[in-house]
Ligand code: CP3
């Protein structure tokens, strides 16, 4: 089959016949094919086995006809070789959180080809196997730091916020190591063939706009300014209140969650500068067909007035999502339903 380059044309700002469609976390537990593999191996083993990662990445492409694949891995995989003891249960748990300067000093910078060769092998296998573009990805430095410092997910993020505001030097050293590691990690995925990369800043929205601008954005900016050879999409969840800052970023695509319309997002970011990606509420996939179609059509219509639009959810797909609704939403975007 001919290579489907719809995502690449869209992210490069060309006008296209329809938006490309993919879903964050499109490979995962909502698919029985994925659950069958997870019965045999742990999540970490899966992430470290290129043949299985390749298989799982392909599952949603084959099942639903998404316009691109996303590498199967996890944002936390590269922090293990940096010195973090990581487990998934299924949520991430870290046995040795970073709390002091001595902890931050011990963190090793990532050497991607040496430390996570299985990720690079998966990228190469996927690029050979796919007839759609491959999106590589990483966590953004602050989101990785949240897990490193909190030791798990968190409600109030008090450990990382306290660190920033009592020991900014320790925070800075940790963030500089995470920033150079993330830059090398994304660059290595591009060098191994990833067509586009996405940086997930899931927890950016837990801080104030003042702190976002001072303690998070400069590190993101450094990565965006130094990546070479493929377009970058930055996705910061719950970040509408600091879109004026994010709008200064030097990248091609911006992920938008479901809490703003695409039109408002574009205006507040920096009108017409970015291709926007989003922004269907993942929980709406539990709704009726009529409800799904109504919102999807509004999003598609707003997308037409943008520099470009990549149809996606506003956050990852949830494990109990009904498969037939995924199928239905993809068909709507493709003009087949
Ligand atoms: O999108 C894809 O299909 C690629 C795979 C992917 C995973 N995680 C697989 C995964 C991607 C892109 C991620 C990113 C990720 N991981 C983020 C950023 C995006 C987001 O959702 O905000 C974050 C914050 C993580 C950290 C993480 N990993 C959490 C919080 C969890 C547990 C929560 C949950 O969903 O249960 C994971 C585990 C994880 N990562 C699973 C998968 C398929 C479930 C593991 C299992 O099979 O048991």
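Bear in mind that the values in this text are calculations on the coordinates, not laboratory data. None of these values were measured; they are calculated from a predicted model. Cβ placement follows ideal geometry from the backbone for every residue including glycine, while neighbour counts extend to all protein chains displayed.
With one equal scatterer per alpha carbon and no solvent term, the Debye-computed log10 I(q)/I(0) for segment 32-155 at 0.12, 0.18 1/Å reads -0.50, -1.01. Label positions at residue 113 and residue 2, each projected 7 Å from the Cα along the C-beta direction, are separated by 3.6 nm. Across segment 191-337, counting alpha-carbon atoms alone, Rg and Dmax equal 15.7, 46 Å. Modelled this way, with points 7 Å down the Cα-to-C-beta line, the labels at residue 12 and residue 301 are 3.2 nm from one another. Give me the angle, in degrees from 0 to 90, between the Cα long axis of helix 217-226 and the longest principal axis of the Cα atoms of the chain, rounded to the nearest 10. Helix 217-226 sits at roughly 70 degrees to that axis. If you take the beta carbon distance between residue 129 and residue 263 as r and set R0 to 45 Å, what does 1/(1 + (r/R0)^6) give as a FRET efficiency, to the nearest 0.05? Once the sixth-power term is evaluated, E becomes 0.75. The orientation-averaged projected area of the convex hull spanned by the Cα atoms of segment 111-179 comes to 6.2 nm². Our helix-only sum for the chain, with -39,500 (n - 2.57) per DSSP H run of n ≥ 4 divided by its residues, gives a mean residue ellipticity at 222 nm of -13000 deg cm²/dmol. Each of 17, 267 was scored by other Cβ atoms within 10 Å of its Cβ. Arranged with the fewest first, they read 17, 267. Within segment 148-186, find all residues whose amide N lies under 19 Å from a label point positioned 7 Å from the Cα of residue 44 along Cα-to-beta-carbon. What the label zone holds, given the 19 Å backbone N cut-off, is 148-153. If the chain linking residue 101 and residue 155 were pulled fully straight, counting 0.36 nm for each residue of separation and taking away their Cα-Cα distance, it would gain 17.0 nm. Using the Cβ-Cβ distance between residue 214 and residue 88 with R0 set to 30 Å, the FRET efficiency from 1/(1 + (r/R0)^6) comes to roughly 0.40. Relative to the 2.2 N^0.38 Å rule of thumb, segment 6-333 has a C-alpha radius of gyration ratio of 0.95. Of the peptides 100-110, 313-323, 228-238, the ranking by mean beta-carbon count within 10 Å, highest at the top, reads 228-238, 313-323, 100-110. Between residue 33 and residue 283, the distance separating the two model label sites (each 7 Å from Cα on the Cα→Cβ line) works out to 3.0 nm.
Relative protection proxy for 187-195, 219-227, 28-36, from highest mean packing down: 187-195, 219-227, 28-36 (other beta-carbon atoms within 10 angstrom).
Residues 217, 240, ranked from the fewest to the most other C-beta atoms within 10 Å, line up as 240, 217.
Against the main long axis of the alpha-carbon atoms of the chain, helix 50-64 sits at an angle near 30°. DSSP assigns beta bridges within the chain; of those with both partners inside it, close to 10 percent run antiparallel. Pairwise Cα distances in segment 137-249 exceed 17 Å for 51 percent of all pairs. Once divided by 2.2 N^0.38 Å, the Cα radius of gyration of segment 278-337 becomes 1.05. So, in Å, what gap is there between the alpha-carbon centers of segment 220-259 and segment 268-337? Taking the Cα centre of segment 268-337 as reference, the centre of segment 220-259 is 19 Å away.
Determine the distance separating the Cα centre of segment 125-139 from the Cα centre of segment 6-42; give it in Å without decimals. Segment 125-139 and segment 6-42 have Cα centres separated by 10 Å.
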